[in-house]
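Structure, as structure tokens:
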Amino acid sequence: MTTGKFWNVMTGLKPVLAMVVVQMSLGGINIMYKFAKNDGMSMKVLIAYRYMFATAFVVPLALIFDRKTRPKMTWMIFLQGSLSGLFGGSLGQNLYAESLTLTSATFAAAMTNIIPAVTFVLAVILRMERLAIGTAAGKAKVLGTLLSISGAMILTFYKGVDLKLWSTNINLLHHSAAASRQSSNDQILGSILAVVACMCFAVWLIIQAKMSMVYPSCSGTALMCISAAIQSAVYGMCAEKDWSAWKLGWNIRLLTVVYIGVWASGLMITLISWAARLRGPLFVSSFYPVMLLTVAILGSLLLDEKLYLGSMIAAVLIIVGLYGVLWGKGNEMKQKQSAQVEVDGSKSSGEPELRGIVIETSSTSEGKLPASNTIYPIQAADRESSAVPSVARGE
């Protein structure tokens, strides 16, 4: 019994563990973006290559694993795949990469924490989530989302004292101070682009949740990557007409493209689609604070960025907020399951119970009718009088 409960718990934790891995991988994208940008690579070209590599990786997997379960392509599925490629791919990623260039990796990652709030609002408007502010689950989801956003804002705008927990003295970025200076106009523009990018990601999560209900996760990811590859390639060729910018060598550019294309876009988007189908878009978006923590830690370890008191306070708020959203969503799912069980129970109890008696007789004799093994249902009146239907026998 204990082993069965353990495996039930582990099965329920699969979406949680999957989303933690996804967000940690997406946090690595921010660091790889900085490496590629520091090497002089155009972000528009990088986004185009990202979805080209993702398409080359995911399409064969979709053809192999979904060949028996993939339904016929319809115009609605095609439209959903194209919109997923636009909002979650070409448009959203180009806006996010540009905001990261104008600000910083930590700031761009911090802004992604408005995604749960935007997703929650859109899901409520589209009736995919219930606000249910009067219930404990609804209050937990709202409060958890606000705490996560508050933690992200504290991380962005409040530093505090330097904690000096560790010092690796490793800085993989080598650039001049002049190159690192940013104007206030760049900061404002980068913030606006980050907000718009987060809105695009929220719309993408809604579309993914809808599409995953009727289309397999792997095939849906392949359709999205194909659309995003075409869109971002067209945009990249229009923006970067110098073909030397498209050259890849055995350097950090190729490593970045392979990582974000195959691992982050191919496998991770498939997991996002799977989790959105199981738990909904709000559940997926609530894990974006994990990416922020990943970026802050990796920046401190690899880029010699300092950890401040504000970062630790923000981390506590983000974790508490994340737990609140998960608790509210889990409690809401338990209530739905309990209600479904009650409905199923009432339906089964409302059906008439059919019972009967099998009458067995010995071999037929002269002057008697041959008896047959017949099942006679007991009616409601028979239950009350405890009467048993008899078989008429001929003498």
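The values are calculated or read from the model by the stated rules, or taken from the named source; none is laboratory data. This is a predicted model, so every value here is computed, not measured. Glycine also receives a Cβ, built like all others from the backbone with ideal geometry; neighbour counts cover every protein chain displayed. Calculation scope for accessible area: heavy atoms of the full protein, side chains included, ligands and nucleic acids excluded. Shrake-Rupley method; radii C 1.70, N 1.55, O 1.52, S 1.80 Å.
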*Enumeration of residues in the range 58-111 that are open to solvent by less than 60 Å² (accessible area, probe 1.4 Å) and of a type in the set (Ser, Thr, Tyr)*: SER82, SER84, SER90, TYR96, SER99, THR101, THR103, SER104, THR106
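For a quick check of your reading: which helices (runs of 4 or more DSSP H) sit entirely within the range 48-161 and have at least 2 residues that are over 19 Å from PRO216 (Cα atoms) and at pLDDT below 80? Step through it out loud before you land on a result.
Numbers: elements: 75-85, 91-102, 105-111, 115-125, 136-157.
The qualifying helices (runs of 4 or more DSSP H) are 105-111, 115-125, 136-157.
Conditions (1) aliphatic (A, V, I, L, M); (2) in contact with a Cys (Cβ under 6 Å, 6 or more places away or on another chain); (3) modelled with pLDDT of 75 or more; (4) open to solvent by less than 10 Å² (accessible area, probe 1.4 Å), marked per residue:
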| residue | (1), (2), (3), (4) |
| --- | --- |
| ALA264 | yes, no, yes, yes |
| PHE283 | no, no, yes, yes |
| LEU292 | yes, no, yes, yes |
| ALA314 | yes, no, yes, yes |
| LEU317 | yes, no, yes, no |
| GLY324 | no, no, yes, no |
| ILE359 | yes, no, no, no |
| THR364 | no, no, no, no |
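Out of curiosity, is TYR308 under 16 Å from TYR51 (Cβ atoms) and crowded, with 16+ Cβ neighbours inside 10 Å? Quick ask: steps written out before the conclusion?
Working: under 16 Å from TYR51 (Cβ atoms): no; crowded, with 16+ Cβ neighbours inside 10 Å: yes.
For TYR308, the condition - under 16 Å from TYR51 (Cβ atoms) and crowded, with 16+ Cβ neighbours inside 10 Å - is not met.
Residues that are of a type in the set (Gly, Ala, Ser) and either closer than 30 Å to SER150 by Cβ or free of Cβ contacts under 8 Å to residues at least 40 places away in the same chain (or both): list the helices (runs of 4 or more DSSP H) wholly contained in the range 186-294 that include at least 2 such residues.
Working: elements: 217-239, 252-258, 268-279, 281-285.
Of the helices (runs of 4 or more DSSP H) lying wholly inside the range 186-294, those with at least 2 residues that are of a type in the set (Gly, Ala, Ser) and either closer than 30 Å to SER150 by Cβ or free of Cβ contacts under 8 Å to residues at least 40 places away in the same chain (or both) span 268-279.
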*Could you list, in sequence order, all residues of the range 7-57 that are surrounded by 15 or more Cβ atoms within 10 Å (Cβ to Cβ) and aromatic (Phe, Trp, Tyr)?*
TYR33, PHE35, TYR49, TYR51, PHE53, PHE57
*What tally of residues in the range 191-210 results from selecting those that are open to solvent by less than 20 Å² (accessible area, probe 1.4 Å) and either modelled with pLDDT of 90 or more or within 13 Å of the chain's Cα centre (by Cα) (or both)?*
9
